[in-house]
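A.B. asks: Quick one: structure below, then a few questions.
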Amino acid sequence: FDIRRNVQSGTGTDTRNVRYINNMTANWQSYDAWRLRFNHGIKLTDESIGASSWSGLTDLVGMQFIYDFNEDWDLTLQAAALRVRHLNNYQPNAGVALGFNVFDNFWLSVGYNFVGFYDQDFTAAEYARKGVYMRFRFKFDQNSLEDMLK
């Protein structure tokens with residue numbers, strides 16, 4: 001859960017922006033090679049510029065299907081939708097990514113989204129823009145830190 005506030009005054013017009021944001025990710029794995037990841041985010045926005053004000057609800061729903069070919073390679077299929085309810089606006093995302101285990105606890109993925117969107121508030125939408133992207137994942141815990149120091 002995240003609350004972001006932005007207030008500006010003294011520029012001739014007072015502005016206020018408050019966003020209440022919640023992101024959730026759930027993973028399900030029934031077989032070693034197959035994983036399903038579900039993302040949901042919801043955002044309530046209150047904005048005012050001068051005497052005018054707006055309020056709106058935005059939600060994000062997404063799914064990723066991940067198949068591990070072996071210990072080093074995986075394939076991800078993803079789909080998501082961002083809906084800005086008060087504007088009746090719907091933006092889809094669909095893409096594919098290929099991942100490689102560079103070394104223990106470090107994963108590199110290269111992907112392509114056929115359609116996409118951008119929203120600065122949803123962490124689950126970081127790789128939802130249209131086009132090519134690269135993602136680095138690093139597992140960091142007490143064991144990986146000890147292994148790095150050896």
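A.B. asks: Residues in segment 73-88 that are under 20 Å from N27 (Cβ atoms) and exposed (fewer than 13 other Cβ atoms within 10 Å of the Cβ): how many?
C.D. replies: Within segment 73-88, residues that are under 20 Å from N27 (Cβ atoms) and exposed (fewer than 13 other Cβ atoms within 10 Å of the Cβ) number 1.
A.B. asks: Report whether or not D74 is more than 15 Å from the chain's Cα centre (by Cα) and free of Cβ contacts under 8 Å to residues at least 12 places away in the same chain.
C.D. replies: Answer is no for this residue.
A.B. asks: Return the residues of segment 51-69 that are open to solvent by 70 Å² or more (accessible area, probe 1.4 Å) and out of contact with any strand residue (DSSP E or B) (no Cβ under 9 Å at 6 or more places or on another chain); say none if nothing qualifies.
C.D. replies: Across segment 51-69, the qualifying residue is only A51.
A.B. asks: Looking at (1) open to solvent by 80 Å² or more (accessible area, probe 1.4 Å); (2) touching an Asp or Glu at 6+ places or on another chain (Cβ under 9 Å); (3) closer than 30 Å to L44 by Cβ, which is the one condition that is false for D104?
C.D. replies: Unmet condition: (3).
A.B. asks: So, one more: Look through F65, F38 and report the one residue that is of a type outside the set (S, T, N, Q), closer than 21 Å to A97 by Cα and touching a Lys or Arg at 6+ places or on another chain (Cβ under 8 Å).
C.D. replies: Being of a type outside the set (S, T, N, Q), closer than 21 Å to A97 by Cα and touching a Lys or Arg at 6+ places or on another chain (Cβ under 8 Å) holds for just one of F65, F38, which is F65.
A.B. asks: I need the full set of residues from segment 13-39 which are open to solvent by 70 Å² or more (accessible area, probe 1.4 Å) and in a loop (DSSP other than H, G, I, E, B), in order please.
C.D. replies: Within segment 13-39, D14, D32 meet the criteria.
A.B. asks: Could you count how many residues in segment 65-110 are charged (D, E, K, R), farther than 16 Å from D32 by Cβ and not in a strand (DSSP E or B)?
C.D. replies: Here the count works out to 2.
Here's the yes/no breakdown for (1) modelled with pLDDT of 90 or more; (2) within 14 Å of the chain's Cα centre (by Cα); (3) surrounded by 14 or more Cβ atoms within 10 Å (Cβ to Cβ):
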position	(1), (2), (3)
Y90	yes, no, no
A97	yes, no, yes
V110	yes, no, no
Y118	no, yes, no
D121	no, yes, yes
A124	no, yes, yes
Y127	no, yes, yes
Y133	yes, yes, yes
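The values are calculated or read from the model by the stated rules, or taken from the named source; none is laboratory data. Here the structure is a predicted model, which is why all the values come from computation and not from measurement. Glycine also receives a Cβ, built like all others from the backbone with ideal geometry; neighbour counts cover every protein chain displayed. We work out accessible area using only protein heavy atoms, side chains counted, and drop any ligands, DNA or RNA first. Shrake-Rupley method; radii C 1.70, N 1.55, O 1.52, S 1.80 Å.
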